[in-house]
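Visitor: Take a look at the following structure, please.
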Amino acid sequence: MQRRLSLFMPSYRRFQTFLMSAAAAAAFLIALPGGAAAADIPKSDQIRVALYLDNGKYNVTTPFVTLSAAQGLDAALGAAAGFNSVASGLTAVRAMADKPLLILLETTDVKQAQALAQKLSDTDKPAGVIGREKSGETLYQVYAGPYPTKETAQAAKDTLLKQAAVAQAVKDFTPYVAGALHWNAGTYTDEADAAAQVSAIAQAGFDVDLAYMDNGGKLQYAALIGNESDNDGLNSLKQKVSGKLPNVTLQPVSAATPYVLKRTEGGGKASGNATDLWAVGAGAKLKVTTQQDGIKVAEKAARSYRGSLELSQLNSKLAVVNELPMEDYVTSVVGSELGSSWPAEALKAQAVAARTFALKQGAKYGVAQVSDSSSDQVYKGIGGEAPAIAEAVKATEGELLADKDGLITPFFYSNAGGMTADPVEVWGKPISYLQSVPSPDDGAETTKTVWLHVVMPNGNMGYITSAYAKDTGKKNDAGLPYYESTGNAVNVRSGPGTDSPSLFKVNTGDRFAVLDQAPESNAYSWVRGPVAASSLLDKINAVLDKPITGKLESLEVTARGPSGRVTEMKANGQTLKVANPDALRTVLGGLPSTRFEIEEAGSYTIWGANGTTAPSAPQGTSSQTGSQPPASIGPSQPPAAQSAESKPLPIGTERAFIFKGKGNGHGLGMSQWGARGYALLGYDYKQILQAYYVGVTILKE
C-alpha cells in the first residue's frame, strides 16, 4: 500500500546547491544594505521577561509565587523614583497581589490549619495559612486565593463549600471574603516603631499588617489595619477601632501609594515552607534578588533564574518579570529551544535568531519585552544553560539579523517537514525575507522506532511497534504480509507512538496483516487520528457561514501553497473561513503543521487476516474524502473457503479522519531541525541563517 506523501521527501542534492562559498559567507557580516545605519538598530544589555502576566492579550497568571535561594533573598520596594531595601537574607518568600482572599477557617490549631490548606492544594486550589498574633494568642487563617475581585472570591467560596471534605473541615466557622481595603493606623520612619504599633493593635483583636510604603522615593513604615471589601466594611471597622483604641487615628490609604504588606506564612508544605508572605499593593514594585545561584520559583517547575524578579500588579493580578543580562537570556533560550548536544553551528544560528527576535519585540508587553513561553521563545532560566551553548552564544555576541528596513523578525520553529513555508500560505501575506525553501529536517525521525499499521482478523486496526512483531513469511490474497506478536499484552495504538491512545492489546502468537509502516510520530513526520467527525464539528462550524446541522460527511483539501501546505479546505462542500491558513491547525484539533494529507477511516475495505475486511483509507483521495465510492484492496470477493466466523465485518457508522503530515510549527523562517541538518552537512551558522532568511545581513552591536 503506497502512501501519498512522496511530495514531502527532501532532496539533499538540492540542499548542496545552496552551499555558499567561504568568501560569500565572510561577506555576510557587513553593513546594512539600502543606506540604513547601524545606529537604527536597538541595543540593550538587559532584557525583561514576563514569567507571569495578564496584559489583556497575553494571559499566563498565578495567584502567588514561592521564591527561594540558597544564598538568601533580598527585597527592595520601589516605584518611579527607584528602589529601597526592605529585607535581606530571607530563606523563602511567598508573594501575591494584595487582592481579596477567601478566609475558610480561623483556628489556634496550626496542624488543623495546615491540613486544610494541604487538602486544598492537593486539588489544585491556591491556598495557604496566615499566622497572626491576636488578643494574646496565635491565630491561623486558612486562605484560598487571592482573587481579582470580591465577586470572584465569593463565587469560589460557594464552590468550595459544596465539597464535603472542605465543609467538614470548616465545621462551625463561617468563611468570609477578606478584601484589599485598609486603614493606615500610623506612618513611621523606623520599622521597629511601626512593628510596635502593629503589635498593640493586634492585641486588641484586629487584623493588622506591617507595611512598607514608598513616599516619593523615600521608604516609610506603616501599620495597615483591616482587610475590607468595600467602603461599608471600612466604615464599620473604623467604628470598632475607635471604640477599642480611641487614641489610634485612622487615615485612608491612597490608591496611588505603593506599598507591600508583610505577613507571616504558616502553611507548611502547602505554601512551600515559606515563612514570609508579601502582598503587593497596586502601584508598587517589589524587586527580589540574590547574591548567586539564581532565584528558584516553585510554581515554574522549581526553575531558577538569574538577575532579579520584579513583582507588581497588572490588571488586578500578580505580574512577575525577570530582568537579566541579554546574553544570559540568549544562552538560556538556545538551551531551552534546542539542546547542548546539537552541532555548534546550529546553536550559533539559534543564538543570533533568538537575540534578534528579543530586541525586535521592543516593549511588547509594556512591563516586559518578551514572555518565557513559545508565544515568543522558550526560556527556562538557568536550567537552559550549558557550557557548549554558552560558547556558541559568546561566539556570536551582539550579532543581529537585519535587512534594509532594520531588524527582521526571525521566525523559527521545530521542523519544516522538508520544505519551509511561504508567508502567504501561513498568514496570508508576503514577507520579503521569507520564502519557501528546502530544509534538511529528517534527522528528527532517523532514530525513531518503526511502527506497523496492522489489521486484525476481527477487522480491528491500529499501530504496533515493530519491536514486538515478526514477519511470518506468509501473505494474504491481497499480498499483505502476515506478522505475529512476539510479546504478551502488547498495546496496539491509534497512531505510531506511545503518545497515541491504546486501542487494544495482542499476545504472543496473535497474527495480523500489515498495511504499511511508519516511524514513531516525531517532529518530521506524524500521524494523528482516527479523529471522530463529531469531535471536529463544533470547531468547523465556528468557521462556516452556514453551520452543519447534521453529520460531518466530507472533509477535503481544496488548495495548497508553494510548499504543499494546506491553504483552503471544505467541509460538506463549504469553505472553512479562517483568519489565516495556519489557523486550520487549530480547527482540526491542534495538528503539528498544515503540511498534511487526509485519509478517511472506513472508506474502503481490505481483505485481511482470515479473509475478513477492515476499514482504512482510499489511495489517491487524501485531498478529498467522503466523495468517492469505497475502494477495495485485494480480491473483489473473499477467498472461496471462508467460515461463517470470517465473513466481512460491518464498518462503523461514524466517519473518522486520519491526518498524516510532515513538520512541526508554522514553517516560516528557520527550521531548528533543518539548522541541525545543515550543520551536519558542513554549513556554518551564517550559511544556515542565509539559507532561511533571504537577503538579510548579520550586524554586530
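The values are calculated or read from the model by the stated rules, or taken from the named source; none is laboratory data. Computed from a predicted structure; not experimentally measured. FYI the Cβ positions are ideal-geometry reconstructions off the backbone, even for glycines, and counts take in every protein chain you see.
Visitor: Can you report the number of residues in region 423-460 which are charged (D, E, K, R) and either closer than 19 Å to Ser500 by Cα or surrounded by fewer than 21 Cβ atoms within 10 Å (Cβ to Cβ) (or both)?
Guide: 3
Visitor: Across region 124-147, what is the total count of residues that are within 19 Å of Lys171 (Cβ to Cβ) and hydroxyl-bearing (Ser, Thr, Tyr)?
Guide: 2
Visitor: As an exercise: evaluate Val450 against (1) without any contact (Cβ under 8 Å) to a residue 40 or more places away in the chain; (2) under 30 Å from Asn476 (Cβ atoms) and give the number of the one condition it does not meet.
Guide: The number of the failed condition is (1).
Visitor: For region 86-117, give me each residue that is touching a residue at least 60 places away in the same chain (Cβ under 8 Å), of a type outside the set (Val, Ile, Thr) and in a strand (DSSP E or B).
Guide: Ala87, Leu90, Ala92, Arg94, Ala95, Met96, Ala97, Leu101, Leu102, Leu104, Leu105, Glu106
Visitor: Here's a follow-up. Against the definition (among the aliphatic types (A, V, I, L, M), over 28 Å from Gly82 (Cβ atoms) and out of contact with any helix residue (DSSP H, G or I) (no Cβ under 8 Å at 6 or more places or on another chain)), how does Ala349 come out, yes or no?
Guide: No, not satisfied.
Visitor: Related question: When you check Val208 against the structure, is it among the β-branched types (Val, Ile, Thr), free of Cβ contacts under 8 Å to residues at least 40 places away in the same chain and closer than 25 Å to Ser242 by Cβ, yes or no?
Guide: Taking the combined requirement at face value, the residue satisfies it.
Visitor: A further question follows. Going by the conditions given, is Ala113 buried (at least 19 other Cβ atoms within 10 Å of the Cβ), under 32 Å from the mean Cα position of the chain (by Cα) and either at pLDDT below 95 or closer than 21 Å to Asp54 by Cβ (or both)?
Guide: no
Residue-by-condition table, conditions (1) under 30 Å from Ser254 (Cβ atoms); (2) surrounded by fewer than 24 Cβ atoms within 10 Å (Cβ to Cβ); (3) out of contact with any Pro (no Cβ under 8 Å at 6 or more places or on another chain):
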position: Lys300; (1), (2), (3): no, yes, yes
position: Leu314; (1), (2), (3): yes, yes, yes
position: Lys364; (1), (2), (3): no, yes, yes
position: Ser371; (1), (2), (3): no, yes, yes
position: Ser374; (1), (2), (3): no, yes, yes
position: Ala388; (1), (2), (3): no, yes, yes
position: Ala392; (1), (2), (3): no, no, yes
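Visitor: Right, next: Ala518 passes all but one of (1) in contact with a strand residue (DSSP E or B) (Cβ under 7 Å, 6 or more places away or on another chain); (2) closer than 30 Å to Ala353 by Cα; (3) of a type in the set (Gly, Ala, Ser); which number fails?
Guide: (2)
Visitor: What's the number of the condition Asp293 fails, among (1) at pLDDT below 95; (2) within 35 Å of the chain's Cα centre (by Cα); (3) surrounded by 14 or more Cβ atoms within 10 Å (Cβ to Cβ)?
Guide: (3)
Visitor: Hey, among Ala200, Ala169, Ala180, Ala156, which residue is closer than 20 Å to Lys244 by Cα and surrounded by 14 or more Cβ atoms within 10 Å (Cβ to Cβ)?
Guide: Criteria check complete, one pass: Ala200.
Visitor: Still on this model: Among the numbered conditions (1) free of Cβ contacts under 8 Å to residues at least 24 places away in the same chain; (2) surrounded by fewer than 17 Cβ atoms within 10 Å (Cβ to Cβ); (3) aliphatic (A, V, I, L, M), tell me where Met569 comes up short.
Guide: For Met569, the failing item is (2).
Visitor: Answer yes if at least one residue in region 217-233 is in contact with a helix residue (DSSP H, G or I) (Cβ under 7 Å, 6 or more places away or on another chain) and among the aromatic types (Phe, Trp, Tyr), and no otherwise.
Guide: Looking for residues that are in contact with a helix residue (DSSP H, G or I) (Cβ under 7 Å, 6 or more places away or on another chain) and among the aromatic types (Phe, Trp, Tyr), one finds at least one in region 217-233, hence yes.
Visitor: Identify all residues within region 664-677 that are assigned to a helix (DSSP H, G or I) and touching a Ser or Thr at 6+ places or on another chain (Cβ under 8 Å); write none if there are none.
Guide: Matches in region 664-677: Gln672, Trp673, Gly674, Gly677.
Visitor: Answer yes if at least one residue in region 207-224 is more than 20 Å from Val86 (Cα to Cα) and in contact with a Leu (Cβ under 6 Å, 6 or more places away or on another chain), and no otherwise.
Guide: no
Visitor: Here is a follow-up. Could you list, in sequence order, the residues of region 314-346 that are in contact (Cβ under 8 Å) with a residue 60 or more places away in the chain and assigned to a helix (DSSP H, G or I)?
Guide: Hits for region 314-346 are Met326, Glu327, Tyr329, Val330, Thr331, Glu337, Ala344, Glu345, Ala346.
Visitor: What is the number of the single condition among (1) aliphatic (A, V, I, L, M); (2) buried (at least 17 other Cβ atoms within 10 Å of the Cβ); (3) more than 23 Å from Asn460 (Cβ to Cβ); (4) over 30 Å from the mean Cα position of the chain (by Cα) that Ala559 does not meet?
Guide: (2)
Visitor: Name the residues in region 409-447 that are closer than 21 Å to Gly695 by Cβ and either without any contact (Cβ under 8 Å) to a residue 40 or more places away in the chain or among the charged types (D, E, K, R) (or both), would you?
Guide: Hits for region 409-447 are Asp422, Glu425, Lys429, Pro430.
Visitor: May I pose another question? Return only the number of the condition from (1) within 21 Å of Glu445 (Cβ to Cβ); (2) out of contact with any Ser or Thr (no Cβ under 7 Å at 6 or more places or on another chain) that Ser494 does not satisfy.
Guide: (2)
Visitor: On to the next question. Hey, among Ala358, Ala344, which residue is more than 24 Å from the chain's Cα centre (by Cα) and either of a type in the set (A, V, I, L, M, F, W, C) or not assigned by TED's automatic domain parsing to the domain that holds Tyr692 (or both)?
Guide: Checking each option against the conditions leaves just Ala344.
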